[in-house]
Amino acid sequence: MNNPEFAGSKTIHGIKVYYEYDRHPNSTETVVLIHGFLSSLFSFRHLNPLLKEKFSILSIDLPPFGKSGHSRSFTYSFKNLSLTVIKLIEALNIKNFTLVGHSMGGQIALNILYHFPNTAKKAVLLCSSGYSKRSKQSLILASYLPFFPIFIKLYLARSGLEKNLRNVVYDSTLIDDEMRKGYLAPFMNPSIFKGLTGLLRHREGDLSSEALQQVRTPCLLIWGEHDRVVPLRVGEKLAKDLTNSKLIVLEETGHLVPEERPEEIYHYIKRFVLDEANLTEIERKQTTV
């Protein structure tokens, strides 16, 4: 497991945001890791130690996930979550940074690029969510019912941890007790279900094609060919809408690419951030590169 140089939390917009920060003594580049839905910074546990060889690393638990908090007054919209990430980066006095977002974290990264341009130097989108619509109005109205967080808890319990993990990896033999424990841990805090209620209520739809086409920041998209959560066709559409982007496709890989292919992900992030190669076309790569 990763042993960060510094782990702590800061209160931003009235909510506790947990983070882990490893500063590289000889690098001016920082990689900011943003996890996906129903996850935490735990999902980068294999990628983080590799990135530390070249970069400073800031890993964030997005509210209400992981060790971050929940607040009734917090707006769980993508734009506000994006602003929260930026405010944390500013509070830590980080200047040169590249965003790395997985799944929903990729959509948070895209919102940062759109709403707060000229902040991040680059962005790496790992199986980023894209083109999802806002929740139906009937579901948003239902979220105001006092028992709705209990409904979310029961719904997630019914779907089951094991089933969800098998859905996000291509090779189910990767699932072990450490993985089960790590992805289950955030749900031991009952307040997360209130936070999920807020996220369902406040979340806008993903950025439109028109909005994405305004993003000029260089983006590297990395996708699992067998992603069942955010299919490859979403990555291909994002690559067309993001005018300054490249797409890499990893064969025999599912949705949870930071867990499944950390060495390959590190390889491409390093080349992209340090401009070690010009990635000019869609590439399909085997499990080794």
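The values are calculated or read from the model by the stated rules, or taken from the named source; none is laboratory data. Here the structure is a predicted model, which means the values were calculated and not measured. Virtual Cβ from ideal backbone geometry, glycine too; neighbours counted across all protein chains shown. Accessible surface is based on the protein model in full, side chains and every heavy atom, while ligands, DNA and RNA are left aside. Shrake-Rupley method; radii C 1.70, N 1.55, O 1.52, S 1.80 Å.
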> For region 105-162, what are the residues that are part of a loop (DSSP other than H, G, I, E, B), free of Cβ contacts under 8 Å to residues at least 60 places away in the same chain and more than 23 Å from PHE187 (Cβ to Cβ)?
Replying inline: PHE116, ASN118, THR119, LYS136
>> Could you tell me how many of the residues in region 12-39 are outside any strand (DSSP E or B) and either touching a Leu at 6+ places or on another chain (Cβ under 6 Å) or buried (at least 22 other Cβ atoms within 10 Å of the Cβ) (or both)?
In response: 3
>> GLY105 - would you say it is over 19 Å from HIS267 (Cα atoms) and modelled with pLDDT of 95 or more?
In response: yes
>> Looking only at region 89-119, filter to residues that are aliphatic (A, V, I, L, M) and under 23 Å from LYS54 (Cα atoms); which one of those is most open to solvent (accessible area, probe 1.4 Å)?
In response: ALA91
>> I'd like to verify a number: residues in region 40-63 that are buried (at least 21 other Cβ atoms within 10 Å of the Cβ), in contact with a Gly (Cβ under 9 Å, 6 or more places away or on another chain) and part of a loop (DSSP other than H, G, I, E, B), how many?
In response: 3
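Listed here are the residues, each with its yes/no results for (1) touching a Phe, Trp or Tyr at 6+ places or on another chain (Cβ under 8 Å); (2) farther than 26 Å from ASN80 by Cβ.
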| residue | (1), (2) |
| --- | --- |
| ILE175 | no, yes |
| ARG228 | no, yes |
| VAL234 | yes, no |
| LYS240 | no, yes |
| SER245 | no, no |
> Given the structure, is ASN118 modelled with pLDDT under 95 and not β-branched (Val, Ile, Thr)?
Replying inline: yes
> Restricting attention to region 181-192, and to residues there that are at pLDDT 90 or above and under 19 Å from the mean Cα position of the chain (by Cα), which single residue is surrounded by the fewest Cβ atoms within 10 Å (Cβ to Cβ)?
Replying inline: LEU184
> Which of the residues belonging to region 208-257 are part of a loop (DSSP other than H, G, I, E, B), under 23 Å from HIS35 (Cβ atoms) and among the hydroxyl-bearing types (Ser, Thr, Tyr)?
Replying inline: THR217, THR253
> What number of residues within region 120-165 are within 30 Å of LYS87 (Cα to Cα) and exposed (fewer than 12 other Cβ atoms within 10 Å of the Cβ)?
Replying inline: 2
> So which residues in region 265-285 are at pLDDT below 55 and of a type in the set (Asp, Glu), if there are any at all?
Replying inline: GLU281, GLU283
> Would you say LEU81 is open to solvent by less than 20 Å² (accessible area, probe 1.4 Å), modelled with pLDDT of 95 or more, more than 22 Å from LYS270 (Cβ to Cβ) and assigned to a helix (DSSP H, G or I)?
Replying inline: yes
> Mind checking which residues of region 245-269 are open to solvent by 10 Å² or more (accessible area, probe 1.4 Å), over 15 Å from the mean Cα position of the chain (by Cα) and closer than 20 Å to LYS54 by Cα?
Replying inline: ARG261, GLU263, GLU264, TYR266, HIS267
> Which numbered condition trips up GLU90, out of (1) closer than 25 Å to VAL230 by Cβ; (2) charged (D, E, K, R); (3) modelled with pLDDT of 95 or more?
Replying inline: (1)
